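Here's the structure, in structure tokens; my notes come after.
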Amino acid sequence: MAKTEARVAPYAFVSPFFIVFAIFGFFPLVYTLWVSLHDWSLLAGNQGFVGLANYRELMHDTDFWRAMTNTIGIFVLATVPQLILATVLAQVLNSKLRARTFWRMGVLLPNVTSVAAVGIIFGLIFARDYGIVNWALGTIGLDPIDWQGHRWSSWLAISVMVDWRWTGYNALILLASLQAVPKELYEAARIDGASAWRQFWSITVPMLRPTIIFVSIVATIGGIQLFTEPLLFGSGINAIAGGSTGQFQTVAMYLVQQAFTGQRFGYASTVAWVLFLLIAVFAIINVALLRRIKSVD
Amino acid sequence: MLRTKNPLLYIGLTATVLLSAAPLYFMLVMASRTTDEIVSLPPPLSLGGRLFPNLDEVFANPDVLFGRALVNSFLVATVATVCVVVTSSLAGFAFAKLRFKGRNILLLFVIGTMMVPVQLGLIPLYMLMTKLGLNGGLESVTLPFVVAGFGVFMMRQFAQQAIPDEMIEAARVDGASTFRIFFSIVFPALRPAAAVLGLLTFMERWNDFLWPYLTLDSEHPTVQVALSRLSSGYYSDQSLIMAGTFIGTLPLVVVFIVFGRQIIGGIMEGGLKA
């Protein structure tokens, strides 16, 4: 009796997770692939199997490729400085500091703020006519910038939002693994006369490599799904279009636009799968690139 | 490790923390001004006296339903938090301490769930909710989030080191069932991790935007959706947008200031690392 109980119990313990996930997580995932092979609209429903037609259409869809360029552009512009800053910040937070918890909480504060709030706040900070950034540019004698109006400037503004929100969080994750690095390594390096900078490159960065890979994969997943910041940066009735000429529409925004404004579920599902493949490809590139860190030096 | 008494470190850190807090400060400044003041040059950098009148106006707007949105967000986040903590503790304990067939594969699956982007499932989730008749209501933004792969993984990591095997063995010898062991020994021991997981889940649900934005109807907004309504469309009075954003952000900032030490502790113990 007791034996049976002990054998069955583990499954009873894990089943709530798996049952709910199967319905609301796994099923939608697989079903997206099925939907992407159909002509399927929000109101009319399934209009029949079309095979890879949606995928073929996507290849020639200039709006999609523009959104793709925007997404990758913003992602690179945001992620590279973010990871560099986070690694340096982690190193700084790892020194013997007074009021350690205060500094750590300080750098995590932006992460507590919702993306929606971040989009709205930065939208006003980067406003063309009365925004604080343009005012500051004016006081040092520079011309104001129409942040929303151009491709490069909107990318930059959106990257600043992403970096503001995530740099501190990543720094803390890196710090956690930095604390596991044996102190003797630094001792030995110091005795050998290595500078702080040299220690950083020859000990810290290689030791952090697995965590840097983890953090950059998470940043990749987040960056390629970018949606709320550009949506609320634009504001207005047609915010989902990402600016007057789609200059900051991301793939995720394009997906939602196709699905809910354009009512094309099948086509939007195709966008979703391509997005997924993109994340996978970037994750692999990430790992491959970061593997080479060890050979630096 | 760098040298310790370097004043440059403190200057750098102070600048970083100021940069972290500055947008929140500007939000408060703009929330406490009239729109005329916000759109004047130079932009105001100190607090004005309009915060409460602005808030009154935000709450009075019938298109935004801000008061209801606050209650909705609170309900949704609380239900999800309680469920995630319970289901994650159950599964995390099983993965950490019980032996059963398929354990490793199931655990790998749990970890895999953390890698999948949300957008991938949006469309079928929308269709599913429509079939179930739940689109538009609060159930649609609650049900999918009563479990979390991240939570299961985090509780497993914690249970592995926090609960000695001998304790479970001893209870078993005394004839306790697995459920009994969970409720009287394991769950109390998991409490610190459960607190961190609960805080993080609450924050994540409170801040969720994309799915609620797609599924909720105008009668059932959450705070983030109400905020997007304030800032888009026919209605875009900047000081009111900021007043709403301030109220939508305030609860979490307060929670963070009160429990920040624990959250930081949770991150440092590695609970947040996959």
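For the range A:223-272, dividing the convex hull volume of the Cα atoms by the residue count gives 68 Å³ per residue.
Across all Cα atoms of the range B:25-71, the radius of gyration (one decimal) and Dmax (whole number) stand at 12.2, 37 Å. With a cut-off of 14 Å, note down the residues of the range A:51-90 whose backbone N falls inside the zone around a label point 7 Å from the Cα of A:S244 toward its beta carbon. Answer for the range A:51-90: none. Only helical runs count toward this figure. For chain A, summing -39,500 (n - 2.57) over DSSP H runs of n ≥ 4 and dividing by all residues gives -22000 deg cm²/dmol at 222 nm. Between the amide H of A:H38 and those of A:V50, distances stay under 5 Å, these residues lying 5 or more places away or on another chain, with hydrogens modeled in the peptide plane.
Look at the Cα gyration tensor of the range A:1-95: its axes a ≥ b ≥ c give a/c of at least 1.5 with a/b at or below b/c, and that counts as oblate. Over the residues of chain B, the helix contribution to mean residue ellipticity at 222 nm works out to -22000 deg cm²/dmol, using -39500 (n - 2.57) for each DSSP H run of at least 4.
Among A:E184, A:E229, A:E57, the largest mean-square fluctuation in a Gaussian network model of chain A (Cα springs under 10 Å) belongs to A:E184.
Name the shape class, rounded, prolate or oblate, that the alpha-carbon gyration tensor gives for chain B, where a ≥ b ≥ c are the square roots of its eigenvalues, rounded holds for a/c under 1.5, and otherwise prolate holds if a/b is larger than b/c and oblate otherwise. Because a/c hits 1.5 or more and a/b fails to exceed b/c, chain B counts as oblate. With the simple model of a label 7 Å out from the Cα in the direction of the Cβ, A:E187 to A:I237 spans 7.1 nm. Full extension of the chain between B:R68 and B:V173 gives 32.5 nm of extra length, using 0.36 nm per residue less the Cα-Cα distance. Figure legend: label point modelled 7 angstrom from the Cα of A:L289 along Cα→Cβ; residues of the range A:207-227 with amide N under 15 Å from it are A:212-224. In the elastic network of chain B, a GNM with C-alpha springs shorter than 10 Å, the most mobile of B:A148, B:A94, B:A22 is B:A22. Between A:W34 and A:H150, the FRET efficiency estimated from the beta carbon spacing at R0 = 56 angstrom works out to 0.90. Taking the Cα atoms of the protein assembly as shown, the ratio Rg/Rh between the radius of gyration and the Kirkwood radius comes to 0.97.
Comparing B:L90, B:L128, B:L19 in a Gaussian network model of chain B where C-alpha atoms under 10 Å apart are linked, the largest mean-square fluctuation is found at B:L19. Would you please classify the overall shape of the range B:10-135 from the alpha carbon gyration tensor, given that a ≥ b ≥ c denote the square roots of the eigenvalues, rounded means a/c under 1.5, and beyond that prolate means a/b larger than b/c while oblate covers the rest? In terms of gyration-tensor shape, prolate. What the Kirkwood sum gives for the range A:141-264 is a hydrodynamic radius of 17.6 Å, with every pair of different alpha carbons counted.
Here, each number is a calculation from the coordinates, and none is a lab measurement. The structure displayed is predicted, hence computed values, not measured ones. We place every Cβ from the backbone using ideal geometry, glycine too, and count neighbours over all the protein chains shown.
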